[in-house]
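Report on the structure given below.
The values are calculated or read from the model by the stated rules, or taken from the named source; none is laboratory data. As the structure is a prediction and not an experimental result, all values here were calculated from the model. We place every Cβ from the backbone using ideal geometry, glycine too, and count neighbours over all the protein chains shown. Note: accessible area is taken over every heavy atom of the protein model, side chains too, but ligands, DNA and RNA are not part of it. Shrake-Rupley method; radii C 1.70, N 1.55, O 1.52, S 1.80 Å.
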Amino acid sequence: MEMNRSMARLLGRVDTEGITPDETPPEFLRIAEGGWEVTPGGAHVLSALKSAPPGPFSDVVHEEYTVNGRGMTDHDLPASGEERESRLLRRCVAYAGSALLRADALRSTVEISAYVSLSYGGLADDHLTANVTFCGDHPGVPPYAADLEAFATEALLRLRRTGEPPWSLRGLPSRRRQWRTAGEVPEGSGTGRQLDLMRRLSRAEIEPARFAQQWLDARRKALNEDERIEEHLERALNQVFYALDEYPIDPASREDGDTTDAELLGIVDRTLAWIDAAGDRRRPPPPPAPLFGSAPLHTAAPAP
């Protein structure tokens, strides 16, 4: 199994002990029990979800994630909070495992994986929803999610039909404390280094090009050491990352449309102001609009 940093952070605060197939909502259990089939195009799809008429699809993976993708039942859950997070994730993993077990009946050489996604949406960007889809690894066809970290706006988990029962979360991170505000972040951590560099740039104590290189190094340290911060703080830091993605550290490589030094400083200043204003609130509201560009969107799992 694999996950992105957002999913690791989510698993650090919710209960995932003892998930069983019985936690699958009845309507999803019926889908899993209906088994699998292979379409004329070679897609591995759940029989109960097969579209009629099919397509059009750009490739076999497109057909799989479109046909198999569904939003998880949540109308009976609390509107927000850790109980909603935990029960949504548990339902998704239970359903994914139940469906993957039945994929063996296909006797296919294609490895099928489940992708569990949780993300916030709604008018205030504060409503948590979940989706599950299934895709295979097909030779010569781009995978559904080659880089899980590219989906920065959601928590994404990949479960494979190998080894432990697919709904088993053995080996996943145990619950542990996350840094909720900038004041809680240790100075020696990668995240602490990112924040310190931002404040130094804001005070004109470091040149933008040196800031960019050192900030990205600090971000890699935070990722490699699996540092965990609350979602609102990570989303704020992502604004700087998006800006640096378009910032040429070498001035000789600058092109039209690249982030300028002045734009970078403005983005850092606004991000710091938002982080400081968020204070100690449990879930501060997100910025009213992206501070720079737009975050990657995950549109692979369609509505039922």
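For (1) open to solvent by 10 Å² or more (accessible area, probe 1.4 Å); (2) aliphatic (A, V, I, L, M); (3) at pLDDT 90 or above, each residue gets a yes or a no:
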site: GLU83; (1), (2), (3): yes, no, no
site: ARG87; (1), (2), (3): yes, no, yes
site: ALA96; (1), (2), (3): no, yes, yes
site: LEU106; (1), (2), (3): yes, yes, no
site: SER119; (1), (2), (3): yes, no, yes
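Taking the criterion of being touching a Phe, Trp or Tyr at 6+ places or on another chain (Cβ under 9 Å) and open to solvent by less than 40 Å² (accessible area, probe 1.4 Å), the residues of the range 195-215 that qualify are LEU197, MET198, LEU201, PRO208, ALA209, ALA212, TRP215. The residues of the range 223-268 that are among the aliphatic types (A, V, I, L, M), within 15 Å of PRO208 (Cα to Cα) and open to solvent by 30 Å² or more (accessible area, probe 1.4 Å), listed by number, are ILE249, ALA252, ALA262, LEU265. Does VAL38 count as surrounded by fewer than 15 Cβ atoms within 10 Å (Cβ to Cβ) and within 14 Å of PHE134 (Cα to Cα)? Yes; evaluated as a whole, the condition is true for this residue.
Per this entry, ARG102 is not counted among residues that are in contact with a helix residue (DSSP H, G or I) (Cβ under 9 Å, 6 or more places away or on another chain), open to solvent by 20 Å² or more (accessible area, probe 1.4 Å) and at pLDDT below 85. Being part of a loop (DSSP other than H, G, I, E, B), at pLDDT 60 or above and surrounded by 14 or more Cβ atoms within 10 Å (Cβ to Cβ) is a description that does not apply to THR271. Of all residues in the range 234-263, those that are more than 18 Å from LEU201 (Cα to Cα) have Cβ atoms under 6 Å from Cβ atoms of residues that are surrounded by 12 or more Cβ atoms within 10 Å (Cβ to Cβ), 6 or more apart or on another chain, in ARG254/PRO248; ASP258/GLU246; ASP258/PRO248.
Against the test of being modelled with pLDDT under 90, closer than 30 Å to TRP36 by Cα and either touching a Cys at 6+ places or on another chain (Cβ under 6 Å) or open to solvent by 10 Å² or more (accessible area, probe 1.4 Å) (or both), the options LEU148, LEU169 yield a single qualifying residue, LEU169. ALA114 satisfies every condition listed in (1) open to solvent by 20 Å² or more (accessible area, probe 1.4 Å); (2) in contact (Cβ under 8 Å) with a residue 12 or more places away in the chain except (1). The numbered conditions (1) within 30 Å of GLU231 (Cα to Cα); (2) open to solvent by 30 Å² or more (accessible area, probe 1.4 Å); (3) among the hydrophobic types (A, V, I, L, M, F, W, C) are all true for PHE57 except (1).
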